[in-house]
Amino acid sequence: MINLSEIATEQPNPATAHIDELSTLDMLKVMNAEDQRVAKAIEPVLPIIGTVVDIIAERLKKGGRLFYIGAGTSGRLGILDAVECPPTFGTEPELVTGIIAGGMPAIFKAVEGAEDSTEFSRGDLNEYCFNAKDVLVGIAASGRTPYTLSAINYAREIGAVSVSLTCSPNSPMEEAADYAILVQPGPEVITGSTRLKAGTAQKLVLNMLSTGTMIRLGKVYGHLMVDVKASNKKLTERATRIVMEATGCERDTAVDALNTAGGRAKLAIFHIISGETMEVSQRLLDEADGYIGKALNKLKK
């Protein structure tokens, strides 16, 4: 028996006890008021999120990878965050991976029973040759999903870093993980519907984990995503604007530099600012581990 009375995300919300009787506008106002609690609930756990970001960045610098794993909404949110990393930050698809209980079909349709398995997650991780260099973030609003808990236990067994992202205190996942991120946004608008506030909280934390990590890896210069891949018309235009903003150059100069740099905004930016050839610019960026600021500081010395 699962005792739902012990799970914070399964508790009734007094503020929404009569939400079905409200006008549509008043109903939405209640939902909006509850949503505003989510960001505030994350503030107390920023220190642990920061610690995890630094750990992920260090692991990735040493050849490790980041894995998100979860069931249902939690799994889908992990996949969403993972698949956005290559186009946004120019990462290889294998660097950040999202895994969901039930596999590909579960992204679009619930796969009943998949989240109750304590064996499937290990097999799913092994398909990616998950190892001790990697970081695993297990996502579950309740912190009790057997599939995800099993993955965290497996990560610890093999020496990988394990992180839990949950929304209910005193959960097995919180206890099992090396690092526990516990966000408490309170009871849901619709009791137990964790795709709402809990899902929003998870998405916000995942935003911080991936974006913070990529900033630490030198994939952001100022506030610009300088490793963006110009893989379509919109992203090509974005790369052009990024080069123009970072260097203060005219559009024609940015376009020419991007073309010469093979569409790599970071290389085009450093080439324009430094005045070095593309070949030398690439070498200096490599020596600075891809950090534009660090490479420019070396030139000044």
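Please state the shape class of segment 133-184: rounded when a/c is under 1.5, otherwise prolate if a/b exceeds b/c and oblate if not, all from the C-alpha gyration tensor.
Prolate is the answer for segment 133-184, as a/c is 1.5 or above and a/b outweighs b/c.
How many angstrom lie between the Cα centre of segment 1-75 and the Cα centre of segment 181-221?
6
Out of every Cα-Cα pair in segment 233-300, what percent are more than 20 Å apart?
The answer is 21 percent, as a whole percent.
Of the options 143, 11, 45, report the single residue whose Cα projects farthest towards the positive end of the charge dipole of segment 8-216 (beta-carbon charges: Lys, Arg +1; Asp, Glu -1).
My answer, from the dipole projection, is 45.
Over the chain, what is the relative contact order in whole percent, taking alpha-carbon pairs under 8 Å and six or more residues apart?
19
How much FRET efficiency would the formula 1/(1 + (r/R0)^6) give for residue 298 and residue 92, where r is the Cβ-Cβ distance and R0 is 22 Å, rounded to 0.05?
0.25
Order by neighbour count: 66, 182, fewest other Cβ atoms within 10 Å first, most last.
So the residues, fewest neighbours to most, are 182, 66.
Extension gain residue 131-residue 23, at 0.36 nm per residue separation less the Cα-Cα distance, in nm?
33.6 nm
Separation between the residue 234 and residue 62 pseudo-spin-labels, each 7 Å from Cα along Cα→Cβ, expressed in nm?
Once both label points are built, they end up 3.8 nm from each other.
Which one of 281, 142, 162 has the biggest mean-square fluctuation once the chain is modelled by GNM with Cα springs under 10 Å?
281
Given R₀ = 41 Å, FRET efficiency for residue 40-residue 83 by Cβ-Cβ distance, to 0.05?
0.90
Is segment 28-176 rounded, prolate or oblate when judged by the Cα gyration tensor, a ≥ b ≥ c being the square roots of its eigenvalues, rounded requiring a/c under 1.5 and prolate requiring a/b larger than b/c?
rounded
Ranking 273, 139 by Cβ neighbours within 10 Å, fewest first, what do you get?
273, 139
Could you check which residue among 208, 225, 27 shows the biggest mean-square fluctuation in a GNM of the chain with a 10 Å Cα cutoff?
Ranking 208, 225, 27 by mean-square fluctuation puts 27 first.
Subtract the Cα-Cα distance of residue 283 and residue 251 from 0.36 nm times their separation in residues, and report this length gain in nm to one decimal.
Length gained between residue 283 and residue 251: 9.0 nm.
If the only charges are +1 at each Lys and Arg Cβ and -1 at each Asp and Glu Cβ, what is the size of the charge dipole of the chain around the Cα centre, to the nearest 20 debye?
Charge dipole, the chain, about its Cα centre: 1040 debye, nearest 20.
Go through (1) 41; (2) 37; (3) 30 and flag the label whose value is the computed percent of Cα pairs over 30 Å apart for this structure.
The value computed from this structure is option (1).
No lab work stands behind these numbers, since they all come straight from the coordinates. Quick caveat, the model's predicted, so the values are computed rather than measured. As a convention, Cβ positions derive from the backbone with ideal geometry for all residues, glycine included, and neighbour counts pool all protein chains shown.
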